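Working notes for the structure below.
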Amino acid sequence: MNVAFVGLGVMGAPIAAHLQRGGHAVTVYNRTPAKAQRWVREYGGHAVATPRDAAQGADAVFICVGNDDDLRAVVLGHEGALAGMSPGALLVDHTTTSAAVAREVGAVAAEGVVGFVDAPASGGLAGSELGQRSIMSGVSDADVERARAYFGAYARAVVHQGPVGTGQLSQMVNQICSAGVLAGLAEGLDFAVRAGLDPERVVAAIGKGAAQSWQLDNRWRTMVDARFDFGFAVDWMRTDLALASATADEIGASLPITEEVEERYAEVTAMGGGRWDTSSLIALLQRG
Ligand SMILES: NC(=O)c1ccc[n+]([C@@H]2O[C@H](COP(=O)([O-])OP(=O)(O)OC[C@H]3O[C@@H](n4cnc5c(N)ncnc54)[C@H](OP(=O)(O)O)[C@@H]3O)[C@@H](O)[C@H]2O)c1
């Protein structure tokens, strides 16, 4: 298939590479052109100057940018992807956004007879690189299988949640759960080090018990070593938790722990860690 990919960041670049390796002809657009050129040198395909150019002639257009405003910027308007898409094509968004903007973009896409899928993902950079992301998709029943055919190139789990917007609501659940896990993990590992325990031995034991988690398995060592210059950025997590808090207000849910963790991430940003991996919560404990 002819595929366009918009947004070659930490997450977008490896997913686009899986699509190219999976046999699709991939045209890329990135706001900072140097990243697009680097991607083409490494994987093939070709780079163009606007999302609209990328989308022309594409069977499916994939987006992976930062937040609601970024999604609008690359999808809507004269240079946006929708302006270049043909009726019958599919627009897939891997950005984590509000459910409201997913519904808004889905409605504009439908006017041009373009299918829309909100498809946020979990699994970190390693999940993207290994083709093992877990995708929560919100899409009309008519487009479920069409979207799934592409996701096979880079996801180990694709679970259809319901109509457009439900993928993003599910991602909020994922981030609420991750925030609590990371806060507990930060405290536990800092406690282990201060107690004079060998963290490797502690993790070897508790990682086979009830405290096991993806974060424990994939982040304990870098947390203990205070290495955070990679992965899922704190500032994106703060955006996600703010979306979850706003949605909680709308639906009458209560998120006391999540809101506390959100404040702690603001402190990490104030330390200069806005681009650090979300496991950097432990840095607040390590400095004292
Ligand atoms: N990284 C992860 O592990 C992970 C996990 C789950 C979900 N996510 C979500 O996936 C999305 C992308 O994350 P990421 O880690 O890949 O972020 P990232 O590394 O910061 O990349 C963001 C990408 O979006 C582009 N972009 C941002 N604003 C734009 C705009 N207004 N117009 C055009 N392009 C724009 C950036 O272009 P430039 O190169 O020009 O800056 C870059 O290509 C976020 O919504 C994040 O919450 C990420």
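Placing dummy labels 7 Å off each Cα toward the beta-carbon, the span from residue 142 to residue 226 is 5.7 nm. Output wanted: per-residue J couplings in Hz (rounded whole) for region 218-223, from phi through Karplus 6.51 cos²θ - 1.76 cosθ + 1.60, θ = phi - 60°, x for Gly and Pro. Result, rounded to whole Hz: 9, 10, 4, 5, 5, 5.
Sorted from fewest to most neighbouring beta carbons within 10 Å, what does the list 190, 141 look like? Kindly include the intermediate steps, with their values, before the conclusion.
On the way: 190 20, 141 9.
Fewest-to-most Cβ neighbours within 10 Å comes out as 141, 190.
List the residues of region 129-149 whose backbone N lies under 20 Å from a point placed 7 Å from the Cα of residue 38 along the Cα-to-Cβ direction. In region 129-149, the label zone of residue 38 (backbone N under 20 Å from the point 7 Å along Cα→Cβ) covers 129-131.
Can you say what percent of the DSSP beta bridges in region 2-162, counting only those with both residues inside, are antiparallel? Round to 5.
On the way: 4 of 29 bridges.
Antiparallel: roughly 15 percent of the beta bridges in region 2-162.
Across region 48-57, coupling constants 3J(HN,Hα) worked out from phi with the 6.51/-1.76/1.60 Karplus curve, θ = phi - 60°, read 10, 8, 9, x, 4, 4, 4, 6, 5, x Hz, and Gly and Pro carry x. Summarising the label geometry, the points placed 7 Å from Cα in the beta-carbon direction at residue 204 and residue 113 lie 6.3 nm from one another.
As a test, work out the antiparallel percent of DSSP beta bridges whose residues both lie in the chain, rounded to the nearest 5.
Working: 5 of 30 bridges.
The antiparallel proportion sits near 15 percent.
Taking all Cα pairs closer than 8 Å and separated by 6 or more residues, the relative contact order of region 67-137 comes to 27 percent.
Could you work out the relative contact order of the chain, using alpha carbon pairs under 8 angstrom and six or more residues apart, expressed as a whole percent?
13 percent
Normalising the average separation of contacting C-alpha pairs (under 8 angstrom, six or more residues apart) by the number of residues puts the relative contact order of region 114-160 at 42 percent.
Our coupling estimate for region 275-285, obtained by passing each phi through the Karplus curve with A = 6.51, B = -1.76, C = 1.60 and θ = phi - 60°, is 9, 6, 4, 5, 5, 6, 3, 5, 4, 5, 7 Hz, Gly and Pro reported as x.
Where a number appears in this text, it was derived from the coordinates with a stated rule and is not lab data. Here the structure is a predicted model, which means the values were calculated and not measured. When we count neighbours, we look across all protein chains shown, and the Cβ atoms used for this are built from the backbone with ideal geometry, even at glycine.
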